[in-house]
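**Student:** First the structure, which I've put down as structure tokens, then a few questions once you've had a look.
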Amino acid sequence: MGKNKTVHVVGAGLSGMVAAINLAREGHQVVVLEGASKIGGIHPHHPSIHGTPMNFDLIREYVGIDVTPFFTRIKNTYIYQNSKKYSVPSYECYAVERGPRKTSLDTHLYTLAKELGVEFEFGQEVKDPFDLPDPAIIATGLFREMAETLNRPLIRLPVFASRRKVTDPDLQGIGRTWFGPYTNTYGYGAILNDLDYLLLFTDRGDISPVDLKQFEEDLERSEGIRIENWDYFEVVVPMASPKAPKLFAGSKIMAGTLSGMMEPGIYCGIHAAIISGKVAALAVTDPEGAARDFTRFTSGYKKCYYTHLYVNNPQRQHLFRFFFSYPALCKALIQLIDTGIPGIDHYFVGLEAEYSGTY
């Protein structure tokens, strides 16, 4: 396909903007259609803080964008599970902000895209992507409508999120994870740019008022945190099938979460979204090459999918206790998780949890 074609990108999230930046650099005219009224402006999803592994060398070399300044190494992660506290020193895990604030990665990518001449049309909700002329990249993330239109294998994730201001410099770059009977997944918290983002979700059923109350009690016991206001929302991930990763939907190109380019057990997606944007851009000019790259980056998905099915059972609390008490004995499981994060092959290998006592 020649240069100077107009390419429509649906969704101004990470993968959509990375795709737009790469296409604009190649000489294409790029129009990004975004349903929100501004960049990162989807409330209550953002602002948010995410913990993620990062392979910055791969990002720079493959994607061609230096995102390093917007990531902060997580100094320590505290894991709370069954009244036990574990400390996990930094193992190449980083915190990054998403959303509309100047300190977010979204704002940085938006500024870069605008400098390259990418056009943004906000408040544009695309109902049927097949109404768009080819080539078109669909990067609508965690939202149900487009995922159902493209017949993706969906898992529903109910989410409770809260934000509070934390200005203590010693707490910046701290991560926390809570495992308990209130969810079959985990509760999560990270502090960056004076924002403490707390989140609880599940991928099985709903979070009941009793579950949320138990989590609140766990927050107070473990860290003295009292939360009075939660934002509730629901998202979907196309992770209900071992064959979920898919680059093309007919003539349309999918990117980011919508394409299934995410680790299917712990739902690690930031790193994947950035890489996926480059794969989607490549698919405009070299579909076969993009398909090969997509297959390479998602090669560990199926193994992680089946591992998650095994771990996600009524005995999971016992498995987690074993995992955090004897991480060296779980090296095979750790490496399976590693291979499920596109572009990461060494994230968990050096993980060593230190028992820090009872709370």
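The values are calculated or read from the model by the stated rules, or taken from the named source; none is laboratory data. None of these values were measured; they are calculated from a predicted model. With ideal geometry, Cβ positions are generated from the backbone for all residues, glycine too; neighbour counts draw on all protein chains shown.
**Student:** Of the conditions (1) surrounded by fewer than 22 Cβ atoms within 10 Å (Cβ to Cβ); (2) part of a strand (DSSP E or B), Pro69 fails just one. Which one is it?
**Tutor:** Status for Pro69: all satisfied but (2).
**Student:** Another question, then. Condition check: of a type outside the set (Phe, Trp, Tyr), more than 21 Å from Ser37 (Cα to Cα) and within 17 Å of the chain's Cα centre (by Cα). Does Ile155 satisfy that? If you could, list the steps in order and put the result at the bottom.
**Tutor:** Working: of a type outside the set (Phe, Trp, Tyr): yes; more than 21 Å from Ser37 (Cα to Cα): yes; within 17 Å of the chain's Cα centre (by Cα): yes.
Judged against the criteria, Ile155 is a match.
**Student:** Tell me, yes or no, whether the range 168-186 has at least one residue that is surrounded by fewer than 21 Cβ atoms within 10 Å (Cβ to Cβ), of a type in the set (D, E, K, R) and farther than 25 Å from Ser356 by Cα.
**Tutor:** Among the residues of the range 168-186, not one is surrounded by fewer than 21 Cβ atoms within 10 Å (Cβ to Cβ), of a type in the set (D, E, K, R) and farther than 25 Å from Ser356 by Cα, which makes the answer no.
Each row is one residue, and each column tells you yes or no for (1) in contact with an Asp or Glu (Cβ under 6 Å, 6 or more places away or on another chain); (2) surrounded by fewer than 22 Cβ atoms within 10 Å (Cβ to Cβ); (3) of a type in the set (A, V, I, L, M, F, W, C).
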residue	(1), (2), (3)
Asp218	no, no, no
Arg221	no, yes, no
Lys246	no, yes, no
Lys252	no, yes, no
Gly269	no, no, no
Ile274	no, no, yes
Val284	no, no, yes
Arg296	no, yes, no
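**Student:** Would a scan of the range 76-84 turn up a residue that is assigned to a loop (DSSP other than H, G, I, E, B) and at positive phi?
**Tutor:** Yes, that holds for at least one residue.
**Student:** Quick one: which residue in Gly250, Gly256 is under 17 Å from Ile138 (Cα atoms) and in contact with a helix residue (DSSP H, G or I) (Cβ under 6 Å, 6 or more places away or on another chain)?
**Tutor:** Working: Gly250 fails: in contact with a helix residue (DSSP H, G or I) (Cβ under 6 Å, 6 or more places away or on another chain).
The unique qualifying residue is Gly256.
**Student:** Only one of (1) crowded, with 24+ Cβ neighbours inside 10 Å; (2) not in a loop (DSSP other than H, G, I, E, B) is not met by Leu33, so which one is it?
**Tutor:** Condition not satisfied by Leu33: (1).
**Student:** Further, regarding this structure: So Lys213 fits all but one of (1) assigned to a helix (DSSP H, G or I); (2) under 30 Å from Arg73 (Cα atoms); what number is the exception?
**Tutor:** All conditions are met except number (2).
**Student:** Evaluate the following for Ala290: is it closer than 22 Å to Tyr186 by Cα, part of a helix (DSSP H, G or I) and of a type in the set (A, V, I, L, M)? Steps first, answer last, please.
**Tutor:** Details: closer than 22 Å to Tyr186 by Cα: no; part of a helix (DSSP H, G or I): yes; of a type in the set (A, V, I, L, M): yes.
No, not satisfied.
**Student:** Out of all the residues in the range 305-314, is one or more part of a helix (DSSP H, G or I), at pLDDT 85 or above and crowded, with 16+ Cβ neighbours inside 10 Å?
**Tutor:** Yes, there is a match, as at least one residue in the range 305-314 is part of a helix (DSSP H, G or I), at pLDDT 85 or above and crowded, with 16+ Cβ neighbours inside 10 Å.
Let's see how each residue does on (1) at pLDDT below 95; (2) closer than 30 Å to Pro158 by Cβ; (3) aromatic (Phe, Trp, Tyr):
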position	(1), (2), (3)
Ser15	no, yes, no
Ala24	no, no, no
Gly27	no, no, no
Gly41	yes, yes, no
Pro44	yes, yes, no
Phe70	no, yes, yes
Lys75	yes, no, no
Ser83	yes, yes, no
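**Student:** Let me ask another. Return the residues of the range 62-99 that are free of Cβ contacts under 8 Å to residues at least 60 places away in the same chain, closer than 16 Å to His346 by Cβ and not small (Gly, Ala, Ser); say none if nothing qualifies.
**Tutor:** Passing the criteria: only Tyr94.
**Student:** With out of contact with any Gly (no Cβ under 7 Å at 6 or more places or on another chain), without any contact (Cβ under 8 Å) to a residue 60 or more places away in the chain and surrounded by 21 or more Cβ atoms within 10 Å (Cβ to Cβ) as the only criterion, which of Ile21, Ile42 stands out? Quick ask: steps written out before the conclusion?
**Tutor:** Numbers: Ile21 fails: without any contact (Cβ under 8 Å) to a residue 60 or more places away in the chain.
Just one listed residue meets the conditions, Ile42.
**Student:** Moving on. Return the total of residues in the range 45-61 being assigned to a helix (DSSP H, G or I), in contact (Cβ under 8 Å) with a residue 24 or more places away in the chain and touching a Ser or Thr at 6+ places or on another chain (Cβ under 9 Å).
**Tutor:** Kept after step one, since they are assigned to a helix (DSSP H, G or I), are these residues of the range 45-61: 56-61.
Checking which are in contact (Cβ under 8 Å) with a residue 24 or more places away in the chain leaves us with 58-59.
Restricting the remaining residues to those that are touching a Ser or Thr at 6+ places or on another chain (Cβ under 9 Å) gives 59.
Counting residues in the range 45-61 that are assigned to a helix (DSSP H, G or I), in contact (Cβ under 8 Å) with a residue 24 or more places away in the chain and touching a Ser or Thr at 6+ places or on another chain (Cβ under 9 Å) gives 1.
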